[in-house]
């Protein structure tokens, strides 16, 4: 499994636009081959923070997503609204169990 955690910072006034855009992209991303989950969170303790958690079958599936129009479209909409560069932390993970 491949997991990417994306941290975004935006002005409080722009956060709703960022969240809405990501929410609107969710179904298209979830339908992509290899996608296991796509979750978007507004930070509860920081009115500027947005966190996106991606779960993919493997790095190749995630790389394919990075090459899509949906990824480019998100960048076009979201990047101008960010107050700091996005930070993406990427992990290889092994699922031990689901309970």
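Since every read-out is calculated from the coordinates, none of them should be taken as a lab result. Small disclaimer: the values here were computed from a predicted structure and weren't measured. Glycine gets a Cβ as well: all are built from the backbone with ideal geometry, and neighbour counts include every protein chain shown.
Within 10 Å of each residue's Cβ, count the other Cβ atoms and sort 82, 8 from fewest upward.
Lowest count first: 82, 8.
How far is helix 12-30 tilted, in degrees, relative to the longest principal axis of the Cα atoms in the chain, given as a value from 0 to 90 rounded to the nearest 10?
It works out to around 20 degrees.
What would the Debye formula give as log10 I(q)/I(0) at q = 0.14, 0.24 Å⁻¹ for the alpha-carbon point model of region 2-92, no solvent?
Each listed q maps to, in turn, -0.46, -1.31.
For helix 69-78, report the angle its Cα long axis makes with the longest principal axis of the Cα atoms of the chain; keep it between 0 and 90° and round to the nearest 10°.
Between the helix axis and the principal axis of the chain, the angle is about 30 degrees.
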